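Take a look at the structure set out below.
Throughout, read-outs are computed from the coordinates displayed, never taken from laboratory work. This one's a predicted model, so the numbers in the text were calculated from it and none came from an experiment. As a convention, Cβ positions derive from the backbone with ideal geometry for all residues, glycine included, and neighbour counts pool all protein chains shown.
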Amino acid sequence: MPPTIFVRRAPLFRGNLVEIERPDRIEVESLTKLYGDVAAVTDLSFSVGAGEILGLVGLNGAGKTTTLRSVAGIIPPSGGTIHVAGHDLAEEPVEAKSRLAFIPDEPQLFDYLNVQEHLRFIGRIYGVENPEAPIAELLRDWELVDHAKKLPDQLSRGMRQKLAIACGLLHDPSVLLFDEPLTGLDPGSIRRIKSTIRSRAAAGGAVILSSHLLHLVEELCDRVLVIQKGRLLFAGTMSEIKDYRPDLEGEGLEDVFLALTEGDP
């Protein structure tokens with residue numbers, strides 16, 4: 001039985017505190033990913049609880065995207081286990097993937113489907129009941145109504161990113177993985193994606209946010225996972241980082257991150 005927790009539902013429920021049972025969490029044990037003889041990720045373990053936002057940070061080449069793609073089931077790990085919303089990703093891939101959304105830093109779209117067709121296609125894949133209402137809402141929310149009949153090559157970089165976000169949210173996932181989600185977005189859409197991340201976590205979802213924008217990570221995340229050369233360097237809250245490194249007391253995440261990764265080429 002999944003643990004019983006208390007969460008705040010999304011604004012639709014007026015913020016009432018309700019008791020619900022949620023298995024919506026991410027459990028990663030000893031994740032290892034090899035590309036030939038090169039280890040992109042080595043023996044990495046962490047978890048993200050229901051209602052939690054985890055910041056995944058590291059220098060270029062640290063293994064962040066490999067970690068996210070492994071959790072999303074896009075690439076198979078060389079070792080270790082991954083559980084998504086109570087499902088073993090290796091043994092129950094359909095069940096696990098049906099509960100998650102992966103928003104990549106570069107939108108992966110179909111050349112010959114327009115914006116509306118993308119959303120309808122995603123709705124069919126995930127078995128969304130009565131998809132037209134949520135599709136219409138997503139088109140409005142992400143300012144895609146006037147672009148509904150356009151193909152991807154007719155969209156700006158920011159509009160393609162908005163479409164990728166809308167597609168990821170359509171099936172109401174409880175586990176969300178964001179890899180540099182602000183790329184190409186205008187200020188209004190940046191505010192909207194931050195609100196979306198917060199509200200999904202407040203509704204009991206488990207969220208991983210990977211970004212080089214450390215002020216964004218510091219603003220949104222409950223805990224931070226710092227990886228270096230594919231290995232865990234530190235995991236914890238800002239206060240726990242400062243307990244670990246008292247010399248960093250009073251510093252922001254950017255200064256903390258640079259101090260922790262000092263000397264890494």
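Miscellaneous remarks
- Whole-Hz couplings from phi, Karplus 6.51/-1.76/1.60, listed for segment 241-247; x for Gly and Pro: 4, 6, 5, 6, 10, x, 5
- Dipole in debye (nearest 20) - the chain, about Cα centre, beta carbon charges: Lys, Arg +1; Asp, Glu -1: 720
- Pairwise centroid distance, computed over Cα atoms, of segment 201-265 with segment 42-81, Å: 14
- Distant-in-sequence amide H partners of V224 (H built 1.01 Å from N, under 5 Å): G55, G236, T237
- Sum of -39500 (n - 2.57) over DSSP H runs of 4+, divided by residues of the chain (222 nm, nearest 500): -9000 deg cm²/dmol
- Taking the fewest neighbouring Cβ atoms within 10 Å as the starting point, the ordered list for E27, E249 is E249, E27.
- DSSP bridge pairs, the chain: antiparallel proportion in percent, nearest 5: 60
- In terms of other Cβ atoms within 10 Å, L59, L216 run from fewest to most in the order L59, L216.
- DSSP loop chymotrypsin sites (Phe, Trp or Tyr not before Pro) with at most 12 other Cβ within 10 Å: longest gap in the chain: 113-265
- Sorted ascending by nearby beta carbons within 10 Å, beginning with the fewest, V224, V145 become V145, V224.
- Per-selection Kirkwood Rh - segment 106-159 (Cα, Å, 1 d.p.): 11.5
- Here the Karplus curve 6.51 cos²θ - 1.76 cosθ + 1.60, taken at θ = phi - 60°, turns the phi angles of segment 106-123 into couplings of 10, x, 9, 10, 8, 4, 10, 10, 7, 4, 5, 5, 4, 5, 5, 5, 4, x Hz, with x standing for Gly and Pro.
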